[in-house]
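Each remark here refers to the structure printed beneath this line.
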């Protein structure tokens, strides 16, 4: 399994020491969240509140089973509400 | 159920039903007064519920004495926060909801609920409220977002330490969250620019303004089971939240969604519902609690007021070299993330090499804010679009061409991070440029403005039950409530997929005990996700129908095809078999295996982002400062318009709300921190005579992630109006408008200031 | 003490006793089971409670139940002729002039009152004639078109 580059939005950066991205070994969104929480326990609060994942521009708010392709552009974003 | 049936990808199809203008199933009920909304249901023995509210913007609640009220004949239950113990399990977000429903030791805004009463009639309930004695210790208050950030501002919560900063602050404050988005190097970018424009903007607080006040009828019986009839955008979410807050199992609370008289995000949150349940539990009788209009304005969830700084730099040839913004929004009295959301949407329409947005979310002594149609985006778009307009003028470039030059396209890195797939901003701008509105001559004292807007749109948890009746028709039970006619669109999707007529399909909204969880009707997800679920359910039902035909004919399933509403035997040797219609198969269902149904439970994701461009002509009376919209055009990408009339309706409705927001609507707070205009007379929304016909142009760039190409449409059209109308006013009077709403006094002041220069 | 009221509602004679301060809207909704008129504001600003009282368009939240005595009230429930919708009702459906529908009964009653006085109104007259009714969903575009179409149909 290769590492994925995970881009973080501003609010998450302090939790990883200030960098804009981290490298995580994960094949699905669920694995990604689990590994992030393992490595950075502060992530747990944000993930519980809601984090959306953009994979090559397509935004997934819930489907944690979604695969993370090896070379995909992956962004974590706030899970925004609608009105 | 096959995996294929759940494939959301776009299908090439010649539509027979989709795209036509069919009558909606709830139409006759709504034009005859038969349709039942939140306040239209009653139960035997019901009590009248009423809430006592704080008249102070910020105060400690020292004592609540209900003894006299309890003795009043006809009073059956009184509750305070003591009757709502903490079942949140440490979930801060749920605790904020609970504390917002009823104050716990501290009143945080004018109108904050302090106690509630259930009595045999309205008059008794009102008398009872007067007999409840509350001792307050008034505290200094703050209602302005910038004031709340200042050193020495009154503090609402002593547990707020700003999140998102590189280092956690040592002191608590009203600043609950810091956010940042962007890429590139804005400092270098500004150095490259030939022209730089920096401006500061303010928008005042507005309310969704739905005409139906919140209303709930709650009945808890002594065995702990409960039911609730309520107007809501999401009865499953209301069930889950109410059950949790009252310490009940979700399956014991059955919530039925009434017809809803408008929501726009304002009915995605509970306020009176847990109180009605708590009262009913205490009184052991049903309780009906309907808010007054005053309460709706004071005590539900308006949107934020904001303060936004924008700086944009561009070269003489029109290329934007850098864009920066700081956005300050408030969440009312509890922490929220609205500024962060604004920071994500602010520059989303543009292709920028260097961009940075910073957000500051703040708490103030105002009601806890809720989402309002594309929440946070309209304010950010107002600030950005005006700055874009200013820069285009400074360079001497046509504002539409300037936007076209810098518009985001497929492959653009968005200002909030990810790269865009196929998107519609370019097409809407080109359509605007070529629209006859742009070439129409302008009247006297009239200015023209155009602006773009962006919104995310969502999918979410959705499930649908499809059942074939013994007489060969189809019923659909959906769990997403119908705000504007989606039942028709859902029935259309099923008719299309099954090859039958629209009249053979009927859709209803099921209660929470009849279906799995469905997310709320918000985020423009109603038609997008429910039609997807309906299509999948139809595909599953078709599989069953084919199996029944195969059984009837005693041939392999692979040799049965479903076409035009009937099963056809394909393959050699079956040529002379007449097709079996839906009606015929349904009639024999009992003998071939039982009732025929199709289900679908899914998470619809990838609703796709949407863009819109609006054009507004505004005439400004130079003597009074009053603005009048003389012409308005909405151009927006719908992916695929399932029912064009309803898509047009969403475009026009969103535009009207945006126009009201731009010209008149605002919350006016007095020095005492109290809302001064909690009624429709002084919170002035557009009326029929304020608006012209609103032209719409529906573009269809199919969403590759929906079987019919549908995109969410409900929210985006409220994003551009603040920009389009303010730019029009700016052009009419020659003074850049920086403060929304542009009410007559503000515009008159601009005119007079300009005259004196 | 209460007030004894005899009135005619949608062609039916009714009789009841109500408190002096009870408004017509509450009489209709709570005593007579006619929930078509809605309370949107209770202060006469939104028109959702519109009814016709002795031929005059009123906000029923601003009229006392006692004022009904000896008079004729027309509500949305009386607009259709049995199973046949009034042209205004049919045109509202055909022109998608409603989204959530909460303001629709009020608009239909106000439009009916308008067309009785002025069977061939201009767009401006329609807009000002309906300015006492608030709609938050539609932007009024399709409402005006529906009224224009109904007026044309009713003129024959």
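Observations
- Residues in segment B:679-690 that are surrounded by 16 or more Cβ atoms within 10 Å (Cβ to Cβ) and either over 16 Å from residue B:657 (Cα atoms) or in contact (Cβ under 8 Å) with a residue 60 or more places away in the chain (or both): B:679, B:680, B:683, B:685, B:690.
- Any hit, segment B:53-63, residues being in contact (Cβ under 8 Å) with a residue 12 or more places away in the chain, away from chain C (no Cβ under 14 Å), under 27 Å from residue C:101 (Cα atoms) and not in a loop (DSSP other than H, G, I, E, B): no
- Residues in segment B:699-711 that are within 14 Å of another protein chain (Cβ to nearest Cβ) and buried (at least 19 other Cβ atoms within 10 Å of the Cβ): B:703, B:705, B:706, B:711.
- Qualifying residue in segment B:334-341 (condition: over 22 Å from the mean Cα position of the chain (by Cα), within 14 Å of chain A (Cβ to nearest Cβ) and closer than 20 Å to residue B:163 by Cα): no
- Residue in segment B:413-439 that is surrounded by the most Cβ atoms within 10 Å (Cβ to Cβ), counting only those that are part of a loop (DSSP other than H, G, I, E, B) and out of contact with any strand residue (DSSP E or B) (no Cβ under 7 Å at 6 or more places or on another chain): B:414
- Qualifying residue in segment B:713-730 (condition: within 8 Å of another protein chain (Cβ to nearest Cβ), under 21 Å from the mean Cα position of the chain (by Cα) and surrounded by 22 or more Cβ atoms within 10 Å (Cβ to Cβ)): yes
- Residue in segment B:34-50 that is over 24 Å from residue B:121 (Cβ atoms) and within 14 Å of chain C (Cβ to nearest Cβ) present: yes
- Selection count where residues are under 21 Å from residue B:362 (Cβ atoms) and part of a loop (DSSP other than H, G, I, E, B), scope segment B:287-317: 6
- Of all residues in segment C:93-103, those satisfying the criterion of being buried (at least 20 other Cβ atoms within 10 Å of the Cβ) and in contact (Cβ under 8 Å) with a residue 24 or more places away in the chain are C:95, C:96, C:97, C:98, C:99, C:100, C:102, C:103.
- Of the residues in segment A:54-63, none is more than 9 Å from chain B (Cβ to nearest Cβ) and either outside any helix (DSSP H, G or I) or in contact with a helix residue (DSSP H, G or I) (Cβ under 7 Å, 6 or more places away or on another chain) (or both).
- Positions within segment B:290-333 being touching a helix residue (DSSP H, G or I) at 6+ places or on another chain (Cβ under 7 Å) and within 14 Å of chain C (Cβ to nearest Cβ), in sequence order: B:290
- Residue B:542 over 28 Å from the mean Cα position of the chain (by Cα), at pLDDT below 95 and more than 27 Å from residue B:259 (Cβ to Cβ): no
- Leading residue by the ranking (farthest from the other protein chains (Cβ to nearest Cβ)) among those in segment A:64-83 that are touching a residue at least 60 places away in the same chain (Cβ under 8 Å) and under 17 Å from residue B:343 (Cβ atoms): A:76
- One residue stands out among those in segment B:27-46 that are in contact (Cβ under 8 Å) with a residue 12 or more places away in the chain and touching a helix residue (DSSP H, G or I) at 6+ places or on another chain (Cβ under 6 Å): the one that is surrounded by the fewest Cβ atoms within 10 Å (Cβ to Cβ), which is B:35.
- Test result for residue B:658, buried (at least 24 other Cβ atoms within 10 Å of the Cβ) and within 14 Å of chain C (Cβ to nearest Cβ): yes
- Answer from B:682, B:695 - the residue that is within 14 Å of chain C (Cβ to nearest Cβ), over 22 Å from the mean Cα position of the chain (by Cα) and part of a loop (DSSP other than H, G, I, E, B): B:682
- Filter pass, residue A:15 being over 21 Å from residue B:413 (Cβ atoms) and either modelled with pLDDT of 90 or more or assigned to a strand (DSSP E or B) (or both): yes
Residue-wise test of (1) buried (at least 24 other Cβ atoms within 10 Å of the Cβ); (2) touching a residue at least 40 places away in the same chain (Cβ under 8 Å); (3) farther than 30 Å from residue C:18 by Cα.
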{"site": "C:68", "(1), (2), (3)": "yes, yes, no"}
{"site": "C:71", "(1), (2), (3)": "no, yes, no"}
{"site": "C:119", "(1), (2), (3)": "no, no, yes"}
{"site": "C:132", "(1), (2), (3)": "no, yes, no"}
{"site": "C:139", "(1), (2), (3)": "yes, no, yes"}
{"site": "C:143", "(1), (2), (3)": "yes, yes, yes"}
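- All of C:77, C:20 fail the test of being farther than 28 Å from residue C:137 by Cα and touching a helix residue (DSSP H, G or I) at 6+ places or on another chain (Cβ under 8 Å), apart from C:20.
- Among residues of segment B:668-678 being surrounded by 21 or more Cβ atoms within 10 Å (Cβ to Cβ) and within 24 Å of the chain's Cα centre (by Cα), the one that is nearest to the other protein chains (Cβ to nearest Cβ) is B:678.
- Top-ranked residue in segment A:28-53 [being over 11 Å from the mean Cα position of the chain (by Cα) and either touching a residue at least 24 places away in the same chain (Cβ under 8 Å) or surrounded by 20 or more Cβ atoms within 10 Å (Cβ to Cβ) (or both); ranked as farthest from the other protein chains (Cβ to nearest Cβ)]: A:40
- Unique residue being part of a loop (DSSP other than H, G, I, E, B), touching a strand residue (DSSP E or B) at 6+ places or on another chain (Cβ under 9 Å) and in contact (Cβ under 8 Å) with a residue 60 or more places away in the chain when the list is B:336, B:343: B:336
- Filtered residue count, segment C:41-66, keeping only those that are touching a residue at least 60 places away in the same chain (Cβ under 8 Å), more than 20 Å from residue C:12 (Cα to Cα) and touching a helix residue (DSSP H, G or I) at 6+ places or on another chain (Cβ under 6 Å): 2
- Residue within segment B:390-401 that is assigned to a loop (DSSP other than H, G, I, E, B) and within 14 Å of chain A (Cβ to nearest Cβ) present: no
- Filter result for residue B:464 (away from chain A (no Cβ under 14 Å), under 26 Å from the mean Cα position of the chain (by Cα), touching a residue at least 40 places away in the same chain (Cβ under 8 Å) and closer than 25 Å to residue B:711 by Cβ): yes
The values are calculated or read from the model by the stated rules, or taken from the named source; none is laboratory data. Please read all numbers here as calculations on a predicted model, not as lab measurements. Neighbour counts are summed over all protein chains in view; Cβ atoms, including those assigned to glycine, are modelled from backbone coordinates with ideal geometry.
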